[in-house]
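Report on the structure given below.
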Amino acid sequence: MSLVLNEEQSILQQSAAEFFSSVSPVTAFRDLRETSQAYDAETWSQMVELGWSSILVPEDLGGLEFGLTGMGVLAIEGARTLAKSPLSSSAAVSVAALNHCKPSTQRDALLSALASGAKTAAFAHLETAQFNPSIIRTQSASAADGFNINGRKSCVENAQSADVVLITARSPDAGYSDSNGFVLLIDPNAEGVESNSIGLVDEREYADISISDFKIAKDEKLEWNDGAALTQVINTATVIAACELYGCSLEAFERTLEYVKDREQFGHKIGSFQALQHRLAHQYTQLELLKTVIYDALSAVEKMRKDASLAVSHAKALANDTAKLVTTEAIQMHGGIGITDELDIGLFYKRARVLRTLWGDSVYHRSHFASLSGY
């Protein structure tokens, strides 16, 4: 169990904090809102040069193989400035999905391309409005020269800007909960693939993808390593979302703390009011608890511990609850200006609001935690 960062991870954290604050601050997020871009290509190129796109890629395929905790550190620091990039969707979740597929020429080539920044990818799995990762209705039926695909995927992050979308699918004769399904590599702009944008309050790129009688070649279908592979990929996506929630919450808390130290009311700094001090102290303890729980979950997934799913559900449920507490308190302590767009604090609230539902809300993860614990 790892509850603290080692020396190399701490150095990565420091360099990431410096990079995001100088190259991709909140003002950069605001500027991107005025464009049709999912992210700034130049900023992403700099991340690639730093090796961040190859953090999880095996060394023999051009990657650093630094580990999931390193990727979690980047997700936390990026969330603190609301940085928009394919870091989570491509370098974390999509690479994790490919790592859990059986080796093949196509898989290895794509991993190398993702590591070098030549391509980006998006992972499309969820299909239902309510989070239920066990249901797969998308079908892959054999054809003479490949496979025919039919199905629909919901709320895929960075799907329209990605070069490749990784689609989870099953054979027509398998049940909806087929854990031995496939991963299909699809061009999001190809004929037979329809991508419809979704506008969420965090103002990032999401899309529903519909696939109708879409034909792919045999080498564009990848198989999972084993029956637990999909669960491990979902765990990766979930714990990275928890990391982003922690980053948003930590930044909102620190900004609020600075604000109450300066804001005067009734002739006194409002930070001197004991009621606010108690509320801030409660947030601080929750954030400290969340940090250790997230580090443990990252370690559990990275080392493929038997209790990895349990640790991930613990982390996501706590991250959801802590983000709700901290960002709501941040709005309240900033008063009327807290709900205005001109103040950054509301942007963290909106981002956290979306992340709290992505990859499972608190109700789902508490239920999942109880189920895994035998209740």
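Readers should treat all values here as calculations from the given coordinates under stated rules, not as data from a laboratory. Just so it is clear, the structure is predicted and the values come from calculations on it, not from any experiment. With ideal geometry, Cβ positions are generated from the backbone for all residues, glycine too; neighbour counts draw on all protein chains shown.
Exposure here means at most 10 other Cβ atoms within 10 Å; with GluC sites (Glu not before Pro) in a DSSP loop as sites, the longest stretch of the chain lacking them is 35-190. At R0 = 25 Å, how high is the FRET efficiency between GLU254 and LEU200 if r is their beta carbon distance? Nearest 0.05 is fine. The calculated FRET efficiency here is 0.50.
Suppose R0 equals 30 Å. What FRET efficiency, 1/(1 + (r/R0)^6) with r the Cβ-Cβ distance, do SER171 and GLU34 give to the nearest 0.05? Taking R0 as 30 Å, the efficiency between SER171 and GLU34 is 0.10.
Please tell me which of these pairs span more than 18 angstrom C-alpha to C-alpha: LYS119/LYS153; LYS153/LYS218; LYS102/LYS218? Walk me through the numbers before you get to the answer.
Details: LYS119/LYS153 21 Å; LYS153/LYS218 21 Å; LYS102/LYS218 14 Å.
Those over the limit are LYS119/LYS153; LYS153/LYS218.
Counting every other Cβ atom within 10 Å of each residue's Cβ, MET333, MET71, MET304, MET47 order from fewest to most as MET304, MET333, MET47, MET71. For the chain, adding -39500 (n - 2.57) for each run of n ≥ 4 DSSP H residues and dividing by the number of residues yields -15500 deg cm²/dmol at 222 nm. Cβ crowding within 10 Å ranks CYS248, CYS101, CYS155 as CYS155, CYS101, CYS248, fewest other Cβ atoms first. When a/c is below 1.5 the answer is rounded, else prolate if a/b is larger than b/c, else oblate, so apply that to region 229-372 with a ≥ b ≥ c taken from the square roots of the Cα gyration tensor eigenvalues. Verdict is prolate for region 229-372. Using 31 Å as the Cα-Cα cut-off, could you pick out the over-long pairs in LYS84/LYS303; LYS306/LYS350; LYS215/LYS303; LYS84/LYS291? Flagged as over cut-off: LYS306/LYS350; LYS215/LYS303. Residues of region 100-142 falling in the label zone of GLU223, defined by backbone nitrogen less than 17 Å from a point 7 Å along Cα to beta-carbon, are 100-108, 140-142. For the pair ASP60 and HIS282, label points projected 7 Å from Cα toward Cβ lie 5.4 nm apart.
Axis of helix 7-23 versus longest Cα principal axis of the chain: the two differ by about 80°, to the nearest ten degrees.
Going through region 124-199, which chymotrypsin sites (Phe, Trp or Tyr not before Pro) have at most 15 other Cβ atoms within 10 Å and a DSSP loop state? Don't skip to the answer; put the middle values down first.
Working: sites: PHE131, PHE147, TYR176, PHE182; in loops: PHE131, TYR176.
Within region 124-199, the qualifying chymotrypsin sites (Phe, Trp or Tyr not before Pro) (loop, at most 15 other Cβ atoms within 10 Å) are TYR176.
Does the chain come out rounded, prolate or oblate, given a ≥ b ≥ c as the square roots of the eigenvalues of its C-alpha gyration tensor, rounded meaning a/c under 1.5 and, failing that, prolate meaning a/b above b/c? Judged from the Cα gyration tensor, the chain comes out prolate (a/c at least 1.5, a/b above b/c). Other residues lying with their Cβ under 12 Å from the Cβ of VAL363 contribute a combined charge of +1, Lys and Arg counting +1, Asp and Glu -1.
By the scheme Lys and Arg +1, Asp and Glu -1, what is the net charge of all other residues having a beta-carbon under 12 Å from that of ALA109? Overall, the nearby charge balance is -1. What shape does region 7-119 take by its C-alpha gyration tensor, where a ≥ b ≥ c are the square roots of the eigenvalues and a/c under 1.5 counts as rounded, a/b above b/c as prolate, and the rest as oblate? Verdict is oblate for region 7-119.
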